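To start, the structure under review is shown below, and the notes come after it.
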Amino acid sequence: MERLNMQSLDEYLGFTFAQNMVSARHKDRLVWIRTTKGIRNLFIASAPGYDPAQVSAWREDDGQMISGLQISDEGRYLLFIRGEGKNVLGEYPNPLSLNTPPKQMLWFIDLDSRDSHPVELAETHLACFRPDSTEIYFCKKGQLFKIDTASSSLEPEEVLSTRGNITELSWTEQGDRLAMTISRHRHSFIGIHTPGLDRIQWLNPSFDRDIQPTWSADGQHIAYLKCHGVKPDITDFWFNRFFDRFELWIFNTNSMKARQYWQCPEGDGISLQEGDRPIIWVNESQLLFSHEVSGWNHVYRLDINRRHVETLTEGEFLIHSYDVDRHGGWLYFTHNEGKHHGYRLSRLNLSNGSEEDLQSLLPEGSIAFQPVSVASGNAVGLIMGGDQQPLIPVLIRPDDQQVYCFGQPAYEVGCRGFNKVEGISFHSKDGLEVHGQLMKPEGKGPFPALLTLHGGPWCQTVAGFSNWHGLSYVYAFNQYLVSQGFLVLSLNYRGSSGYGKEFRHPGPYGWNGATEYQDVQAAGEWLASRLDVNAEKLGIWGKSYGGYLTAMALARNSDLFKAGVDIEGCHHFPREFRQRHWDSEKFSCMAAEEMEAAQKRAQKALESSPWHYLDTWQSPVLLIHPDDDRNVHFEESQRLYNELRKRNITVEGMAIPDEVHSFLCHAPWVAGYRRAEQFLKKHLKHS
Ligand SMILES: CSCC[C@H](NC=O)C(=O)N[C@@H](C)C(=O)O
């Protein structure tokens, strides 16, 4: 039995993980991305044997993310984007600091060709196959291009040019019409391009923002979401209980008329959270969609003939992701019913409403993400992880109760050094119940301890590896810290996903009052009161929004938190939200009469920032920040570093040139965490 006996930080962070599994529409074939130490490659597995095969051969930790992975309907071609987009200055990320920065490029693979290998096609961020053809369509800003993969030149040909940015592409299954979402800064329209026609046909343009066009299989209807009004200011969207109210509309391509079928009640709508919300047509007259009006994200079925919306799942748990088999028989979904610390897999019979638990087919403690049905509908692919199991692709045949692990011995390539994770709950300062995961070293203690805080704030840590690589790195690092003798608590403070809408939108938090800080303080006190914790050696670390809360804790409660590591954190909300990439007008204004309100908000935002509490900051801190961070500006750590240095507070800094938020390469995760480990040991173990 192959088991990893890990000891070093490199080994703990060297886990292999699978992501983004997709399925072909007419052939039982799955494809996914597999990453080991920053080396990303594509794998396929096809019926009947589902033996996995590697179909690309990249060998370098080069920071080239793979996104937009698609497989053609017949399963012959793969399409994907390598590389990240540009920052607000128009620069591509160049995490290896190469003399010539790489571009974000479209690639394709013909799996049937004799010497099948990835071929680079064009610079773009968005592309798709045209069904029933050899053409690929792709966008660059407001331009649409096509490439015929059967041509020898592979030369792009311009199809159309429009104002704004094309952000979504969706062909009919017949490949005769293409629906596009065209974003024009604060509004967006859906337009149809029909090859042979010389202009775009607009789909009921309005003063709203139309998104997510989804064709019915017969090409007669397009379902889409109509979001009310102008694009919300990011600071409202995140922190002001602002919900992006939307309606479900359907456009009939015969009558050329659009009609509303469902609308969110006022004050409700889309907000930032984990998980997907696809629209899926079950047949010609029924589709599934999801919303959170009940307080929890659930799946609903619309019957367009009866104009009736039926609840498919309900209760105090949420649906994380879902798919329907191609014959419309079963809804596969991952959800957290009875689980505060992970997700499980179930399926629902769409004819008779009966539900089956599929989690019992997986090893105990498994966490299920992203079910994807294969074409014949007799199996479902899944990304599965656990506390000792990095994410692997599995295939489940529910009818004969079989689970295949695509060649990797799922239950054996565990992480031997990894400790069991204990889910805990406790009450915060104001009585709200909050949850977290506790990881303890061997022995009785008292141990030095760490409180760790995820980013977002809408992210969520689970009792094991997460669906998102950033959180998986956090989890593996925490496990490593446990192996080094730290007791670690990972906290899902209010604002996190996984515990319903009220928990995620807890009134005046973030820039608007920072009420989530009371959870951080309560968690610190909870840790300090434990007999197995040395309260004099309690530290804190967090990344991004978790960096903001780490800085807040060190500034406000240096008495409790004796040292901390703050990775790419935000420290001054009004300054950060004025940066170009946020595009917020909240703390500055154009009209004189709004000046006072904007100033009041800026004052509130400052009082909700660590910067406001610098006078009480005593504890040593390590600040780590990548300098091409497009989410939290590098300046946030640069200014804090200089201010703390001026005040003679122990501060160390680690700048990472050319990397972005949540590092593209593997190496900076290792280097950053190594520095963090040394710092935490110096201040909490050896001092
Ligand atoms: C102004 S704080 C920004 C925090 C940041 N949010 C989005 O960019 C964040 O926390 N991101 C998460 C996903 C992370 O990087 O962990």
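Scanning region 210-224 for residues that are under 22 Å from the mean Cα position of the chain (by Cα) and under 11 Å from residue 281 (Cβ atoms) turns up just one, 214. Evaluating residue 634 against the criteria (1) away from the ligand (no atom under 15 Å from the Cβ); (2) of a type in the set (Phe, Trp, Tyr); (3) open to solvent by 40 Å² or more (accessible area, probe 1.4 Å) leaves one unmet condition, (1).
To keep it simple, each residue is scored yes or no on (1) open to solvent by 10 Å² or more (accessible area, probe 1.4 Å); (2) more than 12 Å from the ligand (Cβ to nearest atom).
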position: 447; (1), (2): yes, yes
position: 450; (1), (2): no, yes
position: 469; (1), (2): yes, no
position: 481; (1), (2): no, yes
position: 485; (1), (2): yes, yes
position: 492; (1), (2): no, yes
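Against the criterion of being at pLDDT 95 or above and out of contact with any Cys (no Cβ under 9 Å at 6 or more places or on another chain), residue 251 qualifies.
Given the condition assigned to a strand (DSSP E or B), open to solvent by 20 Å² or more (accessible area, probe 1.4 Å), away from the ligand (no atom under 16 Å from the Cβ) and of a type in the set (A, V, I, L, M), answer yes or no: does some residue in region 404-417 qualify? Looking through region 404-417, none of the residues is assigned to a strand (DSSP E or B), open to solvent by 20 Å² or more (accessible area, probe 1.4 Å), away from the ligand (no atom under 16 Å from the Cβ) and of a type in the set (A, V, I, L, M). Looking at this structure, is residue 124 open to solvent by 30 Å² or more (accessible area, probe 1.4 Å) and farther than 24 Å from residue 50 by Cα? Spelling it out, it is not the case that residue 124 is open to solvent by 30 Å² or more (accessible area, probe 1.4 Å) and farther than 24 Å from residue 50 by Cα. The condition (being out of contact with any Asp or Glu (no Cβ under 6 Å at 6 or more places or on another chain), in a loop (DSSP other than H, G, I, E, B), of a type outside the set (Val, Ile, Thr) and within 16 Å of the ligand (Cβ to nearest atom)) is satisfied by just one residue among 575, 580: 580. With respect to the stated conditions, residue 34 fails to be within 30 Å of residue 282 (Cβ to Cβ) and open to solvent by 50 Å² or more (accessible area, probe 1.4 Å). Selection of strands (runs of 3 or more DSSP E) fully inside region 141-239 by the criterion of at least 1 residues being among the aromatic types (Phe, Trp, Tyr) and buried (at least 17 other Cβ atoms within 10 Å of the Cβ) returns 143-148, 165-171, 187-193, 209-215, 221-227. Criterion applied to 84, 60 was being under 25 Å from residue 666 (Cα atoms) and under 21 Å from the mean Cα position of the chain (by Cα), and the one residue passing it is 84.
Do we find a residue being open to solvent by less than 20 Å² (accessible area, probe 1.4 Å), in contact with a His (Cβ under 7 Å, 6 or more places away or on another chain) and within 16 Å of residue 565 (Cα to Cα) anywhere in region 667-674? Among the residues of region 667-674, not one is open to solvent by less than 20 Å² (accessible area, probe 1.4 Å), in contact with a His (Cβ under 7 Å, 6 or more places away or on another chain) and within 16 Å of residue 565 (Cα to Cα), which makes the answer no.
Suppose the filter is within 13 Å of the ligand (Cβ to nearest atom) and under 25 Å from the mean Cα position of the chain (by Cα); does residue 500 pass it? Taking the combined requirement at face value, the residue does not satisfy it. Among the residues in region 127-135, are any part of a strand (DSSP E or B), more than 30 Å from residue 373 (Cβ to Cβ), in contact with a Phe, Trp or Tyr (Cβ under 7 Å, 6 or more places away or on another chain) and open to solvent by less than 40 Å² (accessible area, probe 1.4 Å)? Among the residues of region 127-135, not one is part of a strand (DSSP E or B), more than 30 Å from residue 373 (Cβ to Cβ), in contact with a Phe, Trp or Tyr (Cβ under 7 Å, 6 or more places away or on another chain) and open to solvent by less than 40 Å² (accessible area, probe 1.4 Å), which makes the answer no.
Of all positions in region 343-364, at least one carries a residue that is touching a residue at least 60 places away in the same chain (Cβ under 8 Å) and closer than 29 Å to residue 14 by Cβ.
Between 554, 527, 538, the distinction of being under 16 Å from residue 644 (Cα atoms), more than 16 Å from the ligand (Cβ to nearest atom) and either at pLDDT 95 or above or open to solvent by less than 30 Å² (accessible area, probe 1.4 Å) (or both) belongs to 554 only. Only one of the numbered conditions (1) outside any loop (DSSP other than H, G, I, E, B); (2) touching a strand residue (DSSP E or B) at 6+ places or on another chain (Cβ under 8 Å); (3) under 19 Å from residue 621 (Cβ atoms); (4) away from the ligand (no atom under 14 Å from the Cβ) is violated by residue 561, and that is (1).
Comparison of 577, 587 shows that the only residue that is surrounded by 22 or more Cβ atoms within 10 Å (Cβ to Cβ), modelled with pLDDT under 95 and more than 25 Å from residue 471 (Cβ to Cβ) is 587.
Against the conditions (1) closer than 30 Å to residue 477 by Cα; (2) surrounded by fewer than 20 Cβ atoms within 10 Å (Cβ to Cβ), residue 329 satisfies every one except (1). With the structure loaded, tell me whether residue 277 is of a type outside the set (S, T, N, Q), touching a His at 6+ places or on another chain (Cβ under 9 Å) and over 18 Å from residue 249 (Cβ atoms) or whether it fails that test. The answer is no for residue 277. Flag set for residue 443, criterion: at positive phi, of a type outside the set (A, V, I, L, M) and either surrounded by fewer than 24 Cβ atoms within 10 Å (Cβ to Cβ) or at pLDDT below 95 (or both). Taking residues in region 453-466 that are over 15 Å from residue 567 (Cβ atoms) and in a loop (DSSP other than H, G, I, E, B), and partners anywhere that are within 11 Å of the ligand (Cβ to nearest atom) and among the charged types (D, E, K, R), the pairs with Cβ atoms closer than 9 Å and at least 6 places apart or on different chains are 458/274; 460/274. Residues in region 603-624 that are within 12 Å of the ligand (Cβ to nearest atom) and touching a His at 6+ places or on another chain (Cβ under 9 Å): 605, 609, 610.
The criterion of being over 25 Å from the mean Cα position of the chain (by Cα), within 16 Å of the ligand (Cβ to nearest atom), in contact (Cβ under 8 Å) with a residue 12 or more places away in the chain and in a loop (DSSP other than H, G, I, E, B) holds for residue 587.
If the condition is being closer than 19 Å to residue 97 by Cβ, within 16 Å of the ligand (Cβ to nearest atom) and either outside any loop (DSSP other than H, G, I, E, B) or hydrophobic (A, V, I, L, M, F, W, C) (or both), then region 639-677 contributes 656, 660, 663, 664, 665, 668, 669, 672.
The values are calculated or read from the model by the stated rules, or taken from the named source; none is laboratory data. This structure is a prediction, so every number in the text was calculated from the model and none was measured. Methodologically, a virtual Cβ is constructed for each residue, glycine included, from the backbone with ideal geometry; neighbour enumeration extends over all protein chains shown. When the accessible area is computed, the model is the full protein with side chains, heavy atoms only, and any ligands, DNA or RNA have been set aside. Shrake-Rupley method; radii C 1.70, N 1.55, O 1.52, S 1.80 Å.
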